[in-house]
Amino acid sequence: MKKQEYDWVKQTRQILLGQCKQLNEGDFTKELGFGFQSVRDSLIHVAGCYHAWLGSFVLSQTKDPLLTKEVISNMKINDIQLYFEQADVYVDAVFKQFSHKFDDVIERELSWKPGSGIVKKTPHQLLLHSITHEFHHKGQIVAILRLLGYTPNNTDILGLP
């Protein structure tokens, strides 16, 4: 994976976050019974994946990568933007620190799930997982926006200039 490819991911994310900034609080937090329930909770879940797998598992920079329900319930779109910006810092660090060992297996227990056992994954696998996970949930968020009566912006990488 190349840094340029992740830049495309960030560009499409900014399109979605920009549209989400236009939502009123009721639509932003409305639970529709699928995915991670609301736009807010889905976005936080997506960013949390980067924090957990890259910030915690790969880089060991945080032991508590996931946010509590109380913190989540008080987050606004600008807080979520900052959560993604920290995720981007983790991604940049993975590219820098693991450029020559991108496919070397890391073996450790998940800091956020004590007693879960040893996990064996490469930085490459976990970066790719985090990105595909983001696009999966982005599709759900776009579906939520449609159900709320919005016309989602094009967030496909092929739609980028």
Fill in: Förster radius 25 Å - calculated FRET efficiency between Leu147 and Gln14, Cβ distance, rounded to 0.05
0.65
Discussion item. Within region 1-110, what whole-number % of the accessible surface is contributed by carbon and sulfur, with the 1.4 Å probe and all protein chains included in the calculation?
Written reply: 49 percent
Worksheet item: Exactly which trypsin sites (Lys or Arg not before Pro) in region 8-63 are in a DSSP loop and have at most 15 other Cβ atoms within 10 Å?
Response: Lys21, Lys63
Worksheet item: To the nearest 0.05, how large is the calculated FRET efficiency for Gln22 and Gln61 if R₀ is 30 Å and r is the Cβ-Cβ distance?
Response: 0.35
Item to complete: Report the FRET efficiency, 1/(1 + (r/R0)^6), for Ile118 and Ala93, where r is their Cβ-Cβ distance and R0 is 22 Å, rounded to 0.05.
Response: 0.45
Practice prompt. Determine the alpha carbon to alpha carbon distance for each of Lys69/Lys121; Lys21/Lys113; Lys10/Lys101; Lys30/Lys96; Lys3/Lys120; Lys3/Lys63 and list only those over 30 Å.
Written response: Lys21/Lys113; Lys30/Lys96
Fill in: Extension gain from Thr29 to Lys76, taking 0.36 nm per residue of separation minus the Cα-Cα distance
16.0 nm
Worksheet item: Under a 5 Å amide H to amide H cut-off, with H placed in plane at 1.01 Å, what residues pair with Glu109 once short-range neighbours are removed?
Response: Val119
Practice prompt. Would you calculate, for the chain, the mean residue ellipticity at 222 nm contributed by helices, counting each DSSP H stretch of 4 or more residues as -39,500 (n - 2.57) and dividing by all residues, to the nearest 500?
Written response: -17500 deg cm²/dmol
Discussion item. Could you tell me the relative contact order of region 4-161? Use alpha-carbon pairs under 8 Å, at least six residues apart, and round to a whole percent.
Written reply: 29 percent
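The values are calculated or read from the model by the stated rules, or taken from the named source; none is laboratory data. Only a predicted model underlies this, so the values are computations on that prediction, with no experimental measurement involved. So basically every Cβ, Gly included, is an ideal-geometry build from the backbone, and we count neighbours across all protein chains shown. Only protein heavy atoms, including side chains, enter the accessible area calculation; ligands, DNA and RNA are left aside. Shrake-Rupley method; radii C 1.70, N 1.55, O 1.52, S 1.80 Å.
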